[in-house]
Amino acid sequence: MRLIELSFPETVDTQPLLKSCLRANPVDHRLEPADDRGRRVLRLYFKTGEGQEAIDAIQGLLADTDDWRLVVIPIEATLPKIEAEEDAETSRKRRTLALREELFEDIAAGAKLNRDFLVLTALSAVVAALGLNANNVAAVIGAMVIAPLLGPILAFSFASALGDLDLMAKSARTAVAGLALGLAVSFALGMALPVNSLSGELVSRTIVGVDTTALALVSGAAAALSISTGISSALVGVMVAVALLPPSAAMGLYAGDGEWMMAARAGLLLSINVVSVNLAALFTYRVKGVRPRTWLERKSAKRSVLVNYAVWALLIIILTVAAWQVTVHDAALASAIDGS
């Protein structure tokens, strides 16, 4: 369950406000009388997954009102027990989506470019580069999990679904800064250390194919789905499946060692992962109903989604064709070696 608590001036007409909120079918509600500061409090109790209609109604009614505040508070338990009497459609809606405002707060936090983000990215890049070079699987997996690069990528797709240009710019800046920092750190390590060309972990980050795109698309959809349904713990598995930092670290190591062809292959893998995650996450957010509140905002968001769909789809086609060409080249080279 969740508690939606609204504080507002006593001058607000409560009749249309309460009527709109009750239309969302809360489990319970309570409207407090005005206190000594002339403020009233409306408490609405909803089942998990419900309440978005009430929040949208409140924002619409109080758009021209100053000095009001709405907070959403998760409820761990409540008594007496609430009997689950609902049809299949209502049950499906309850399971599908966290509140848009909850999603925005969680996702926007991952798009912030601050010192902690940069330090964590640099540290994870060092771990990834050293782990790849030493063929240390545990170190590489650890770098995958602690690297914060997936956050701004998912934030960009979420902002695209909402048509939020400000969040799109912030998340794009954070993602580019993180990837550039990881590449720079690993490039420096590639220049300073002898690169182990026999490391299986390092070489595997240069292997691309059509299945690479499929894996990245599925993983991107899983990441967006885990966020939109509030199951953030599932992101750990997604981070390992569609890791962005290891191919970036491999690209930097090879570039630092002067192995430009291998660096390009690692860069192709990184590009496929980034584009696939964006495309799959954008599609998942739209399917799950992540849309702006007002009609005008929805119109702007629709244009944003169409433009992003076109760009990401074109890029994924180009990158997949390139990956297929690499696979054909490798197969021909292997056949020639076996024939000789």
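Read-outs throughout are calculated quantities, based only on the coordinates presented, and are distinct from any laboratory measurement. Predicted, not measured: the structure shown is a model, and the values here were computed from it. Note that we place each Cβ from the backbone using ideal geometry, even for glycine, and neighbour counts take in every protein chain shown.
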Computed from the beta carbon distance with a Förster radius of 30 Å, FRET efficiency for L22 and A169 to the nearest 0.05 stands at 0.15
Computed over the Cα atoms of the range 5-52, the Rg and Dmax in Å are 11.2, 35
Nearest-0.05 FRET efficiency for D64 and D35 at R0 = 22 Å, using Cβ-Cβ distance, is 0.45
Under the 7 Å Cα-to-Cβ spin-label approximation, I146 and I318 lie apart by a distance in nanometres of 3.6 nm
Bounding extents of the range 113-257 in its principal axis frame from Cα atoms, largest first in Å, are 46, 31, 25
Once the mean of 1/r over all distinct C-alpha pairs in the chain is inverted, the Kirkwood radius in Å reads 22.4 Å
The answer for the net charge of residues other than K19 whose Cβ lies under 13 angstrom from its Cβ, with Lys and Arg +1 and Asp and Glu -1, is -1
Which residues qualify? For T48, with a placed amide H closer than 5 Å and at least 5 residues away or on another chain, they are R2
Packing-ranked peptide list from 4-14, 264-274, 170-180, highest mean Cβ count within 10 angstrom first, is 264-274, 170-180, 4-14
Calculated from DSSP helices alone, with each H run of at least 4 adding -39500 (n - 2.57) and the total divided by the residues of the chain, [θ]222 nm to the nearest 500 comes to -22000 deg cm²/dmol
So V210 and Y309, fully extended at 0.36 nm per residue minus their Cα-Cα distance, gain in nm 33.7 nm
At R0 = 25 Å the Cβ-Cβ FRET efficiency linking T327 and N135, nearest 0.05, sits at 0.60
